[in-house]
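Worksheet: one structure, shown below.
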Amino acid sequence: MSFNEFLAMGGYAQYVWSSWLLTLLVLLWNVIAPRYKHKKLLQQVEIQTKREQLKNSTNKI
Amino acid sequence: MNVLLKFYHRLGSPREFYEISGSLIPWFGTISLILILTGSYLGLVVAPADYQQGESYRIIYVHVPSAWLSMLIYTVLAVSAMIGLIWRMKMAYVVMICSAAPGAWFTLVALITGSLWGKPMWGTWWQWDARLTSELLLLFLYIGIIALYNSFYERHLAEKSAAILAVVGVINLPIIHYSVEWWNTLHQGSTVIRSDGPSMDVRMLWPLLIMAVGFNFYYGLILMLRARNQVLIQEARNSWVAELVVNKGQAS
Amino acid sequence: MTPKQKSRMRLVLLVLAGLGITSLLALNAFRSNLMYFLTPAEMVAGDYPEQGMYRLGGMVVEGSINRLENGITVEFDLTDYEQTITVRYTGILPDLFREGQGIVAHGRIENQLFTAEEVLAKHDESYMAPEVAEAMKNVDMSKAIPASATKIPAGTTL
């Protein structure tokens, strides 16, 4: 089987490859999106913590 | 049993869950990646063409694992909703709400890839037959659960209402599975899960099973990723979260 | 479990059981409406209901496919191995349409002739390699394997 034949999928290329592509995109998105959000959340917590530390130290003075 | 119970209790604590899942994520990621890559290669290249459908049947390797997963995720979601309703377990509700979006995604993939398969083989993108309609209902259930959860400002109320809808919706699962047996449908009957064994060439069956297991590990992966985020949001006011960030900052 | 948890569990299970029974009864009541298609036997038993559109599902009888003079209209017999109804259809047939194939036709019946506006192919739940199908066909002709394991493109005169 040649590579071109493989790509042609017996004439069903558009159906087969769009199905696989859609699945691939959904699989990637569902890993990337929560990872990005996780980073953002940790940043938020960090900002919050620093703000509170600052507040505590100014309160002492 | 004791060990299992202990593990269960540890996972029940958001902080312990955050730590344990952190070390499990790389494993789940690697295993699902290997399985999905292997399954894709076997399914697209090694498995023979079908005697009726030619090469077009290769859509099965993304369609069926997604469809199975859409039902497995709903089972997990509904069981954790029940645990949440009965035992008021914090983490059960986290698992419930973090399963809803992945479930909706895989239901959508199952529906769209099914449509892309139906057009060349059946001659139609969509028909209101019992299998297709009940799977569409599953998508609406997932969306309903997410919408209901987000419509409440008070989290406990949101969790409870979403959990009740989730439990009620469980009725749809046997309907999806048995739809092809109970009624005349355009969709064919089950190939793999049947009393007389799978009616599929083993060279075609193995890639399908490998893909399905890979998809299950993938779900475990994204469930943990989402649940960790949910835990961070819910526990933002707790000191351990702040410590976590501080420790991380010192480590790097 | 505390008594409170027990009663909550009972409530959840009760609701589930009630719901299950209700939907079982409802699905049973609407059974015929949930049928996607009728079989030829059901259509004959219903005395050829001449009003409205129906879906008719069955197997294309071997050797019954007849292309009419205009070249795009086909006639074929559809059977469920009890009754047989002749179907007439004008248009593009799906790739899987062939003798011995399960199909679903959507249309109306008049004078025992079913005029279809849409023909969809059904495929079975078995998947096998072409050479395996060929080998099985040679071993056991009586088995329910479609006569033509090779693909006949739609539009070919059969």
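The values are calculated or read from the model by the stated rules, or taken from the named source; none is laboratory data. Everything numeric in this text was worked out from a predicted model, so none of it was measured. In this analysis, Cβ positions are derived from the backbone assuming ideal geometry, glycine residues included, and neighbour counts consider all displayed protein chains. Ligands, DNA and RNA are excluded from the accessible area calculation, which covers all protein heavy atoms including side chains. Shrake-Rupley method; radii C 1.70, N 1.55, O 1.52, S 1.80 Å.
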| query | Relative to the longest principal axis of chain C, what angle (0 to 90°, nearest 10) does the C-alpha long axis of helix C:3-29 take? | reply | 30 degrees
| message | At a probe of 1.4 Å, how much accessible area disappears from chains B and C on forming the pair, both sides counted, to the nearest 100 Å²? | response | 3800 Å²
| query | Pairs A:LYS39/B:LYS160; A:LYS55/B:LYS248; B:LYS119/C:LYS122; B:LYS6/C:LYS6: which exceed 19 Å Cα-Cα? | reply | A:LYS39/B:LYS160; A:LYS55/B:LYS248; B:LYS6/C:LYS6
| Of B:TYR74, B:TYR153, which has the most accessible area and how do the rest follow, probe 1.4 Å? | B:TYR153, B:TYR74
| message | If DNA, RNA and ligands are ignored and the probe is 1.4 Å, what is the ranking of B:PHE17, C:PHE76 by accessible area, most exposed first? | response | B:PHE17, C:PHE76
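Enter the mean number of other protein chain beta carbons within 10 Å of the beta carbon of each residue in A:42-51, as an integer.
Per-residue shielding by partner chains comes out at 5.
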| message | Using a probe radius of 1.4 Å on heavy atoms only, what accessible surface per residue do you get for the protein assembly as shown? Whole Å² is fine. | response | 51 Å²
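Run lengths n ≥ 4 of DSSP H only: what is the helix-derived mean residue ellipticity at 222 nm for chain A, with -39500 (n - 2.57) per run over all residues, to the nearest 500?
Mean residue ellipticity at 222 nm (helix-derived): -31500 deg cm²/dmol.
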| remark: Rounded to the nearest Å, the spacing of the alpha-carbon centers of the range C:1-73 and the range B:115-162 is 20 Å
| field | Radius of gyration and maximum dimension Dmax of the range A:3-59, Cα, Å | value | 23.5, 74
| field | GNM flexibility winner over chain C from C:GLU62, C:GLU110, C:GLU131 (Cα, springs under 10 Å) | value | C:GLU131
| Mean ellipticity per residue at 222 nm, deg cm²/dmol - from DSSP H runs of n ≥ 4 across chain C, formula -39500 (n - 2.57) | -9000 deg cm²/dmol
| query | Roughly what % antiparallel, to the nearest 5, for the DSSP beta bridges in chain C? | reply | 85 percent
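Ignoring ligands, DNA and RNA and using a 1.4 Å probe, state the total buried accessible area between A and B in Å², rounded to the nearest 100.
3100 Å²
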| field | Qualifying GluC sites (Glu not before Pro) in the range C:71-103, DSSP loop, other Cβ atoms within 10 Å at most 14 | value | C:GLU82
| Simple spin-label estimate for C:ALA17 and C:GLN83 in nanometres, 7 Å along Cα-Cβ | 4.3 nm
| request: Select from the range B:42-57 all residues whose loss of accessible area on going from the chain by itself to the full protein assembly reaches 40 Å² or more (probe 1.4 Å). | output: B:LEU44, B:TYR51, B:GLN52, B:GLN53, B:GLU55
| field | Degrees, to the nearest 10: B:239-251 long Cα axis against longest axis of chain B | value | 80 degrees
| remark: For chain B, the Cα convex hull volume per residue in Å³ comes to 160 Å³
| remark: So the carbon and sulfur contribution to the accessible area of the protein assembly as shown, 1.4 Å probe, in percent, is 64 percent
| Dipole magnitude of the range B:150-252, debye to nearest 20 (Cβ charges: Lys/Arg +1, Asp/Glu -1, about Cα centre) | 280 debye
| task | Give the calculated FRET efficiency between A:TRP29 and C:ASN111 to the nearest 0.05, with a Förster radius of 60 Å applied to their Cβ-Cβ distance. | result | 0.60
| query | Considering only protein heavy atoms, what is the solvent-accessible area of B:HIS9 at a probe of 1.4 Å, reported in Å² to the nearest 10? | reply | 120 Å²
| remark: With Cα springs under 10 Å, the Gaussian network model of chain C assigns the largest mean-square fluctuation among C:VAL132, C:VAL12, C:VAL87 to C:VAL12
| Residue-level accessible surface for B:ILE112, protein heavy atoms, 1.4 Å, Å² | 60 Å²
| message | For a quick check, take a GNM of chain B with Cα springs below 10 Å and name the residue from B:GLN127, B:GLN52, B:GLN230 with the largest mean-square fluctuation. | response | B:GLN52
| message | Order C:ILE65, B:ILE59 by their accessible area, 1.4 angstrom probe, all chains in place, largest first. | response | C:ILE65, B:ILE59
| request: For chain A, find the longest principal axis of its Cα atoms and tell me its angle to the long axis of helix A:13-60, 0 to 90°, nearest 10. | output: 0 degrees
| By how many nm would the segment from B:VAL168 to B:LYS90 lengthen if fully extended, with 0.36 nm per residue of separation less the alpha-carbon distance? | 26.0 nm
| request: When a/c is below 1.5 the answer is rounded, else prolate if a/b is larger than b/c, else oblate, so apply that to the range C:35-144 with a ≥ b ≥ c taken from the square roots of the Cα gyration tensor eigenvalues. | output: prolate
